[in-house]
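Below is one structure, written out as structure tokens, with a few remarks after it.
The values are calculated or read from the model by the stated rules, or taken from the named source; none is laboratory data. What you see is a predicted model, and the numbers here were worked out from it, not measured in a lab. With ideal geometry, Cβ positions are generated from the backbone for all residues, glycine too; neighbour counts draw on all protein chains shown. What goes into the accessible areas is simple: the full protein's heavy atoms, side chains included, and nothing from ligands, DNA or RNA. Shrake-Rupley method; radii C 1.70, N 1.55, O 1.52, S 1.80 Å.
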Amino acid sequence: MRNIVRAAGAAVAGLALVGAVQAPAQAAGTTAESVPSCVTAKDYLLTKVIVVITNNCTTTQRVNVAYAYLDTPYVPDRCHTLAPGQEVMTSEYPWLANRYVGLIPC
């Protein structure tokens, strides 16, 4: 029984640490600009949250993916640069993000 309580305590502490690390990444991704509508994304939920981003614009675009974990925003510190017509797939583990929210500019 003590091992279960210790494991639960370690899990809660780990989640708190993940939340503390996420805050700077979220602040860095905040901007008043938006991604052009010619950049699209399709999300898939398998063993990970997978997002396929497509640049249908005539210019190169830089975007990041916004996720959420249990309604807590999560924006990884990862910028994707897509040339016109380029497609890229990115993903996050379910313990970091369980839902795709949208695209944001880098």
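Protein heavy-atom surface of region 60-106, 1.4 angstrom probe: 52% of the accessible area is carbon and sulfur, with nucleic acids and ligands not counted.
Thr81 contributes about 80 Å² of solvent-accessible surface, heavy atoms of the protein only, 1.4 Å probe. Net charge near Val101: determine it from the other residues with C-beta under 13 Å of the C-beta of Val101, scoring Lys and Arg +1 and Asp and Glu -1. Summing Lys/Arg as +1 and Asp/Glu as -1 gives -2. Average accessible surface for region 61-106: 55 Å² per residue, computed with a 1.4 Å probe over protein heavy atoms with every protein chain in place.
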